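Below is one structure, written out as structure tokens, with a few remarks after it.
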Amino acid sequence: NFVKFLRDSGKHVVLVAHVDEKNDEDQIIKRPLIATKLSDEIVTMVDIVGYMTTVNRDGETVRLIQVDGTNNKVVSKDRTGKLGKYLKPEYSYIADQLAGKKPETKKAEGESTPATPAKKTAAKTAKK
């Protein structure tokens, strides 16, 4: 099976799909639209399923990927536990989150980074 081959390859694989909306009693469930019954199989095999949506923040429309599986209207999940509820739709950002890197924050001009204990020790050693 090609999907199992991709899963076991040890590589990050991104599958992009349209949305399949299915009626479930009185609500619509959104899930990946993938040919035949593969949609159900892929969702159970992969570590992360996201749903790209837009939100309005301070009058600006922002795109986000929802990976929190607690919303019963959208099929999404994060088996890694590293991504939170929403992600910026940038591959490098997602890869950094999965690797455990903290997102860089922009500093005001002239602001310095406080020395960590390791930096302080290195500075003391260099002075000797």
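What follows is calculated from the coordinates using simple rules that are stated; it is not laboratory data. Everything numeric here is computed off the predicted structure, so don't read it as measured data. Cβ atoms come from the backbone with ideal geometry, glycine included; neighbour counts cover every protein chain shown.
Of note:
- Segment 1-101, relative contact order [Cα under 8 Å, separation at least 6], %: 19 percent
- Label-point gap, in nm, between Ser9 and Thr80 - each point 7 angstrom along Cα→Cβ: 1.7 nm
- Each peptide among 20-26, 63-69 gets the average number of other Cβ atoms lying within 10 Å of its residues, and from highest to lowest they stand as 63-69, 20-26.
- R0 of 25 Å, Cβ-Cβ distance Asp24-Thr70: FRET efficiency to nearest 0.05: 0.95
- Per-q log10 I(q)/I(0), segment 1-96, q = 0.15, 0.24, 0.25 Å⁻¹ (Debye; single scatterer per alpha-carbon; no solvent): -0.66, -1.45, -1.51
- Cut-off under 5 Å, modelled amide H: who pairs with Val19 long-range: Leu33
- Annotation for segment 72-104 versus segment 1-54: alpha-carbon center distance of 16 Å.
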